[in-house]
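Reading through the structure tokens given below for one structure.
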Ligand SMILES: Cc1cc2nc3c(=O)[nH]c(=O)nc-3n(C[C@H](O)[C@H](O)[C@H](O)COP(=O)(O)OP(=O)(O)OC[C@H]3O[C@@H](n4cnc5c(N)ncnc54)[C@H](O)[C@@H]3O)c2cc1C
Ligand SMILES: Nc1ncnc2c1ncn2[C@@H]1O[C@H](COP(=O)(O)O)[C@@H](O)[C@H]1O
């Protein structure tokens, strides 16, 4: 089985997200970089599918040259190959990104063979456009469902059964392979890199590509921090002594039923 | 009268998703700027009964596509219907609510039509260009964006606008929309369902008692379970907790977990990282329980108790 995962390098912010003075980007000074937790789970899923069914996993990213770090992270948990489409530090709009990724998938498939499954995150951690995976799958004419939290390969490898959470339970899709899915955090539990994995990641050859995809119709003008409701926090007390004040508050909010439970 | 704003109505086997009513309100705010009307698009025969609700919420007309291939929800099938409706009805814009399904079907339609799609807007301003505010980082940042498109396709962030009944009791004139769908769209229809719970969910519970790294272990959650049971609520948690395997990911609140909107969120041993906060901030009131008075959660909460959650929670539960 051949599995591709698409991941996007993003800054890893802390308690709040700062913006550069010109409003064009997240201020990543002193910040590390990461990828969406959805995409971390996607990488783990790819490695598990190849462990169970044989074959090869491949990671694809579009971004600045430093996204090499995310490719090597993928290799450290067992992903076999990597491709980086180097477009510099300027963020690309969703249509342009999808066109470039589609092109990259076609070129990898021409060299190594078709992918049975292409895995995306449900949405990217930063821009969250909710569409790049769907656009790529559509261009490649493969079925695609987003928000997937469980998969099984069934029918002798012909079908990928994909499950998604609803309010009441799960809904089930049966996608003929080759297919694509967008996954949510929780579908797998990402492993930590082993010593052997770290060594493999150092030796990984990251294939470099460029792209001349045309710009799409959405242009970011600037970023702003949403206005925060400023609330004076009412300190109800310290330790167990605060309990009566909390119970008083719960009564006020109509959430305390005398005599219930306990 | 110029072309209408077409709002895609979300439903599950005929049961209306409340988010659709937010989409209709959002559609009206766009239509008012264009001097246009709002029209609703119902997909699947089971949705026929929703026409009156659409009209009550401001739709001037309702289109129903009841193609026999639409036996259940399917992202590719719904996307193809929306793309076909764009051709048949020539709307001024297409809108939906930014739920899992809403964003997914608009992305499929936009891909099919080779047009841009702007997800999770909070506001649209129409001048020479379309300019909108949309959320990034799950709601931690706003992006001002400009859209150049022959047919704007936009979703509204869930909970960003309020549904409003503008024509109570009005009844609908339903117009059938006949489209020919390609065979392949049926490959991604829902095939089956697994019912897990009929009870309270994290997204809808009136009280959520959330635990973070400060709870220290899976067993530690017993004190949270007891308080949640006493208050008729459910337990939630932070990503530090799911990463440690103390709770399933379905309990996680935040950017990559569930968005909650309870009457009261009691956040215990949670520092309040931005990615957690964006999932919790729609709570009407927040009570933080934390040993650290400087924790972000404490600073941002409406109420706080400073102390060890293992002292504080049992004392509350025991009244
Ligand atoms: C793209 C991205 C997406 C993310 N999505 C999510 C998400 O959906 N949800 C999420 O939660 N996080 C998410 N995160 C992770 C987030 O950044 C934080 O790492 C996480 O929320 C921290 O969890 P915590 O508050 O439980 O732990 P910590 O930050 O370690 O805080 C523990 C708190 O417990 C307090 N404490 C300790 N002991 C006690 C005690 N006995 N009694 C009372 N208080 C005590 C401490 O004072 C401290 O404030 C995401 C991160 C990224 C990069
Ligand atoms: N620059 C990128 N490089 C690789 N994959 C990407 C990139 N942008 C988006 N993706 C993939 O597409 C998914 C959806 O992205 P988005 O449409 O931005 O929400 C992400 O979770 C990734 O899997």
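Just so it is clear, none of the values below were taken in a lab; they were calculated from the coordinates. Please read all numbers here as calculations on a predicted model, not as lab measurements. When we count neighbours, we look across all protein chains shown, and the Cβ atoms used for this are built from the backbone with ideal geometry, even at glycine.
A few notes on this one:
- Counting, for every residue in B:143-156, the Cβ atoms of other protein chains within 10 Å of its Cβ and taking the mean gives 3.
- Three principal axis extents describe the C-alpha atoms of chain B; from largest down they are 64, 44, 38 Å.
- Nearest-0.05 FRET efficiency for residue A:161 and residue B:131, computed from C-beta distance (R0 60 Å): 0.90
- Distance (nanometres) between label positions extended 7 Å along Cα→Cβ at residue B:114 and residue A:56: 3.2 nm
- Euclidean distance of C-alpha centroids, region B:235-305 and region B:24-71, integer Å: 37 Å
- When A:177, A:195, B:297 are arranged by Cβ crowding within 10 Å, least crowded first, meaning fewest neighbours, the order is A:195, A:177, B:297.
- Protection proxy ranking of B:230-236, B:200-206 - average other beta-carbon atoms within 10 Å, highest first: B:230-236, B:200-206
- 0 to 90° range, to nearest 10: angle between helix B:19-34 axis and chain B longest Cα axis: 50 degrees
- Distant alpha-carbon pairs in chain A (separation over 23 angstrom), percent: 58 percent
- Dimensionless Rg over Rh [region A:1-74; C-alpha; Kirkwood]: 1.09
- On a per residue basis, the convex hull of the C-alpha atoms belonging to region B:1-63 measures out at 62 Å³.
- Summarised as an ellipsoid, region B:4-186 has semi-axes of 23, 19, 15 Å, derived from the eigenvalues of the Cα gyration tensor scaled by 5 and square-rooted, with the largest first.
- Computed lengthening from residue A:212 to residue A:110, 0.36 nm per intervening residue step minus Cα-Cα distance: 34.8 nm
- Looking at chain B alone, DSSP beta bridges between its own residues are antiparallel in about 25 percent of cases.
- Rounded to the nearest 10 degrees, the inclination of helix A:94-112 to the longest alpha-carbon principal axis of chain A is 40 degrees.
- Prolate/oblate/rounded call for region B:207-318, Cα gyration tensor, a/c under 1.5 rounded: rounded
- Nearest-ten-degree value, helix B:75-89 long axis tilted from longest Cα axis of chain B: 40 degrees
- Antiparallel bridge percentage (DSSP; both residues within the protein assembly as shown; nearest 5): 35 percent
- Using a simple spin-label model with pseudo-atoms 7 Å out from Cα toward Cβ, residue B:34 and residue A:30 lie 4.7 nm apart.
- Antiparallel DSSP beta bridges within region A:2-209, percent to nearest 5: 35 percent
- Region A:13-54 versus region B:142-176: alpha-carbon centroid distance in Å: 31 Å
- Global form of the protein assembly as shown, assessed from the alpha-carbon gyration tensor, a/c cut-off 1.5: oblate
- Separation of alpha-carbon centers, region A:67-95 and region A:184-262, rounded to whole Å: 24 Å
- Per-residue average of Cβ from other chains inside 10 Å of B:226-235: 3
- Gain in span if fully extended, residue B:148 to residue B:310, counting 0.36 nm per residue against the direct Cα distance: 52.8 nm
- Going from the residue with the fewest nearby Cβ atoms within 10 Å to the one with the most, B:101, A:72 rank A:72, B:101.
- Region A:1-154 shape via C-alpha gyration tensor axes, a/c threshold 1.5: prolate
- Cβ-Cβ FRET estimate between residue B:193 and residue A:22, R0 fixed at 41 Å, reported to 0.05: 0.25
- Net lengthening on full extension, residue A:172/residue A:232 (0.36 nm per residue, minus Cα-Cα): 17.0 nm
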